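The values are calculated or read from the model by the stated rules, or taken from the named source; none is laboratory data. Owing to the predicted nature of the structure, the values given are computational and were not obtained by experimental measurement. Backbone-built Cβ (ideal geometry, glycine too); neighbour counts: all protein chains shown.
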């Protein structure tokens, strides 16, 4: 009976769906294991309500077009480095140490940049690994759902 109860508690405490991870190689050879935000829902949720992120962790956003994107850090509890990448994985812009909004703030901090992909990392990681605009990150572009797609309940 104890084993069955323990198994039930473990299963109920697991997330409904594990986040898909992808590996991104930095120019210095180090690997980042980023969660993939490849659906409209995952892109909207981002890193909201997270209390931590491993130093080799991050979130990778895949978009249809290499255009300007606006990220609002509302409900984000972490300070982040935000990297905007072109379609070939070259760093176009680095926004370092974006502060998380204060608890209860109505609005989040906005970050703007142009890219086909965006990589969010724990604050300070881009400086630690000496990432620079023009560096190329190595990854296999993931398949993803179009940004403009809307799902209707009917």
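Every residue in segment 21-69 that is farther than 22 Å from residue 126 by Cα, touching a residue at least 60 places away in the same chain (Cβ under 8 Å) and outside any strand (DSSP E or B), please. The answer is 38, 39, 40. Determine, yes or no, whether residue 83 is touching a helix residue (DSSP H, G or I) at 6+ places or on another chain (Cβ under 7 Å), outside any loop (DSSP other than H, G, I, E, B) and either more than 19 Å from residue 44 (Cα to Cα) or at pLDDT 95 or above (or both). The answer is yes for residue 83. From the list 101, 146, the lone residue that is part of a loop (DSSP other than H, G, I, E, B), under 22 Å from residue 40 (Cβ atoms) and at pLDDT below 95 is 146.
So, residue 88, is that one closer than 18 Å to residue 131 by Cβ, out of contact with any helix residue (DSSP H, G or I) (no Cβ under 8 Å at 6 or more places or on another chain) and assigned to a strand (DSSP E or B) or not? Give the steps one after another, and end with the answer.
Values: closer than 18 Å to residue 131 by Cβ: yes; out of contact with any helix residue (DSSP H, G or I) (no Cβ under 8 Å at 6 or more places or on another chain): yes; assigned to a strand (DSSP E or B): no.
Taking the combined requirement at face value, the residue does not satisfy it.
Among the residues of segment 62-74, are any closer than 21 Å to residue 128 by Cβ, surrounded by 16 or more Cβ atoms within 10 Å (Cβ to Cβ) and modelled with pLDDT of 90 or more? No, segment 62-74 has no match at all.
Here residue 82 fits the description: within 11 Å of residue 122 (Cα to Cα), free of Cβ contacts under 8 Å to residues at least 60 places away in the same chain, within 11 Å of the chain's Cα centre (by Cα) and surrounded by 16 or more Cβ atoms within 10 Å (Cβ to Cβ).
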